[in-house]
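One structure is given below, encoded as structure tokens.
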Amino acid sequence: MRTRHSRRWTICLISLALAGASAGCGTEPQASGGPLVAPRGAAATHSAAEEQAAGKAALTAYSGYLAASRTASLRSDPTHPALARFLADPLLTRVRVAIRDAKEHGAMRTGKLVSNPTVVSVDLTADPPTVEIQDCLDATGYRLVYAKDQRTVPGTRGGRYLATATATRYPDGRWLISAGTAHQDQPC
């Protein structure tokens, strides 16, 4: 029978699947002041080109998020500066906590995570503007292992599954990934 601590540890490890299968101090700019908010009453119309540019910027942020998360997870570094370049809260905090929990348990991520994201919606009139991303993550070769001996952490698994993310535009014009979920119960 698993203890409550063991279940919590397993949940934390599973959350690393999207967060780097999942910074803080230093020179990386932080998203300040929250997401960009459109003035009230302004009826904005956006061209297809503007929506395509937003989608492209969001996919770039998503790709950067996965790369930064992989690097931070491999190094067991929850304060890796690249995380803040592509992530915003609440996801940034979730990723940092998951990496720190794995590190405290002597675990790290190794291998390759394959991503094939697509934009499923762009809403530039939202308050704040958002882009929704859907991905089929292939974590077959991406493992959570004990750093000491490279043994796979029990209760973790790879496979191909659906992942979703939300990119949000901030006042400085950057698109940052602010939410993300791995749907390991939904294979793709």
query: Among the helices (runs of 4 or more DSSP H) contained in the stretch 1-88, which hold 3 or more residues that are modelled with pLDDT of 50 or more and either touching a helix residue (DSSP H, G or I) at 6+ places or on another chain (Cβ under 7 Å) or over 29 Å from Leu162 (Cβ atoms) (or both)?
result: 48-74, 81-86
- prompt: Quick check: anything in the stretch 116-129 within 18 Å of the chain's Cα centre (by Cα) and within 23 Å of His80 (Cα to Cα)?
  reply: no
field: Output for the stretch 55-91, where each listed residue is open to solvent by less than 20 Å² (accessible area, probe 1.4 Å) and within 10 Å of the chain's Cα centre (by Cα)
entry: Ala61, Tyr62, Gly64, Tyr65, Leu66, Ala68, Ser69, Leu83, Leu87, Ala88, Leu91
- line: Exactly one of Ala98, Ala107 is under 30 Å from Gly173 (Cβ atoms), open to solvent by less than 40 Å² (accessible area, probe 1.4 Å) and small (Gly, Ala, Ser), and that residue is Ala98
query: Quick one: what pairs do we get from the stretch 89-107, first residue on the phi > 0 side of the Ramachandran plot, second outside any loop (DSSP other than H, G, I, E, B), C-beta under 7 Å, 6+ apart or different chains?
result: Gly106/Tyr146
statement: Residue hits (the stretch 167-188; within 21 Å of Ala53 (Cβ to Cβ) and over 9 Å from the mean Cα position of the chain (by Cα)) are Ala167, Thr168, Arg169, Tyr170, Pro171, Asp172, Gly173, Arg174, Trp175, Leu176
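Anything in the stretch 84-114 that is small (Gly, Ala, Ser), within 16 Å of Ala68 (Cβ to Cβ) and in contact with a Phe, Trp or Tyr (Cβ under 8 Å, 6 or more places away or on another chain)? List them, or say none.
Of the stretch 84-114, the ones small (Gly, Ala, Ser) are 84, 88, 98, 102, 106-107, 111.
Then keep just the ones that are within 16 Å of Ala68 (Cβ to Cβ); that gives 84, 88, 98, 102.
If the condition is that a residue be small (Gly, Ala, Ser), within 16 Å of Ala68 (Cβ to Cβ) and in contact with a Phe, Trp or Tyr (Cβ under 8 Å, 6 or more places away or on another chain), then Ala88 is the only one that fits.
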task: Report yes if some residue within the stretch 169-182 is surrounded by fewer than 19 Cβ atoms within 10 Å (Cβ to Cβ) and more than 24 Å from Phe86 (Cβ to Cβ); otherwise report no.
output: no
- prompt: Does Gln134 satisfy being farther than 19 Å from Tyr65 by Cβ and surrounded by fewer than 17 Cβ atoms within 10 Å (Cβ to Cβ)?
  reply: no
task: Take the residues in the stretch 111-125 that are open to solvent by less than 50 Å² (accessible area, probe 1.4 Å) and hydrophobic (A, V, I, L, M, F, W, C), then tell me which one is farthest from Ala163 (Cα to Cα).
output: Leu124
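The values are calculated or read from the model by the stated rules, or taken from the named source; none is laboratory data. Note that the coordinates shown come from a computational prediction; the quantities given were computed from them, not determined experimentally. Methodologically, a virtual Cβ is constructed for each residue, glycine included, from the backbone with ideal geometry; neighbour enumeration extends over all protein chains shown. Accessible surface areas use protein heavy atoms only, side chains included; no ligands, DNA or RNA. Shrake-Rupley method; radii C 1.70, N 1.55, O 1.52, S 1.80 Å.
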